[in-house]
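Engineer: Pasting a structure here, questions to come.
The values are calculated or read from the model by the stated rules, or taken from the named source; none is laboratory data. What you see is a predicted model; the values in this text were computed from it and never measured. Because the Cβ atoms are built from the backbone with ideal geometry, glycine has one as well, and the counts that use them run over all protein chains shown. These area figures cover heavy atoms from the full protein model, side chains too; ligands, DNA and RNA do not enter into them. Shrake-Rupley method; radii C 1.70, N 1.55, O 1.52, S 1.80 Å.
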Amino acid sequence: MPQSMQVVRGLLAANPDYWPAKTNADGTTSSAYLRATVYEDRPRVRQKDGSYTDPLGPVRTTVKFWGQAAELLHGMDFRQGDAVVATGRMGDPDAFISQKDGKAYARPVVIGDSMQIDSIVSQRIQLARERKRQNKEQAGAVADAGRTDPWTDQVDASRGEYVGDGVPRTFNGEPFEPLSGYPTPGAAPAPADPAAPDFLSTPSDFTTGNAR
């Protein structure tokens, strides 16, 4: 009865290990061999705080190739972190002793038939990196402008700046604060109030239309 095909999808945990074909001392030959370790993608569970996590942690699966398949894949120069999809049949698990706790464990093994770049996941990773780069550049541009938030930054009244676009304003040649409607205190007198009793006390030449 044929075995069902196994599909391993995830990120390479490290650069694949490769041993080229060779002739042994006893005259026998050993085929080329390539071994890749893949952190498999697993469904994540939603937590109470709204985040998603894998309660069992990442699962590492070893995918093994021999002969011409190993040689071809070695030529493709896979690297750690590459998103890949590997297919094959289930093999016997690899037993190993953990360096963390000294206990024995077994790692799933797939005897590989093919492995290729996962174009969908790779594109998502590339787009995420591009967005991160753009956000960093925008943040740097704002910092270079000397202002992180134009609505909350402190302004310098002596330069006539105000909360808004940061463009200096003047009134009668003096710094002017548009939000208050008056010049900077002490920099220039406030405009006359038309309701004041002495508003018309200033002489004017109504025959020429030019106020003095």
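Engineer: Taking the convex hull of the alpha carbon atoms in region 47-113, what volume per residue do you get, in Å³?
Structural biologist: 154
Engineer: In debye, nearest 20: dipole of region 19-144 around its Cα centre with unit charges on the Cβ of K, R (+) and D, E (-)?
Structural biologist: Dipole magnitude for region 19-144 comes out near 440 debye.
Engineer: Also: Got a sec? What order do Tyr39, Tyr18 fall in by accessible area at 1.4 Å, biggest, i.e. largest, first?
Structural biologist: So, going from the largest accessible area down, we get Tyr39, Tyr18.
Engineer: Next question. Under a straight-distance cross-link criterion of Cα-Cα below 25 Å, which lysines are reachable from Lys22, leaving out those fewer than 8 residues away in the same chain?
Structural biologist: Straight-distance partners of Lys22: Lys64.
Engineer: Here is a follow-up. If you take the charge dipole of region 77-138 about its Cα centre, with +1 on Lys and Arg Cβ and -1 on Asp and Glu Cβ, which of Gln138, Ile97, Ala83 is farthest toward its positive end?
Structural biologist: Gln138
Engineer: State the extension gain, in nm to one decimal, for the chain segment bounded by Gln99 and Arg124, taking 0.36 nm per residue of separation less the distance between their alpha-carbons.
Structural biologist: The Gln99-Arg124 span can extend by a further 5.6 nm.
Engineer: Could you calculate the contour length gain from Gln80 to Asn24, that is, 0.36 nm times the residue separation minus the distance between their Cα atoms, to one decimal place in nm?
Structural biologist: 17.1 nm
Engineer: Taking a probe of 1.4 angstrom, what is the accessible area of Leu127 in Å², to the nearest 10?
Structural biologist: 80
Engineer: In square angstrom, rounded to the nearest 10, how much accessible surface does Trp66 have for a 1.4 Å probe?
Structural biologist: 130
Engineer: Between Gln116 and Gln47, what is the FRET efficiency for a Förster distance of 35 Å, r being their Cβ-Cβ separation, to the nearest 0.05?
Structural biologist: Computed FRET efficiency for Gln116 and Gln47 comes out at 0.55.
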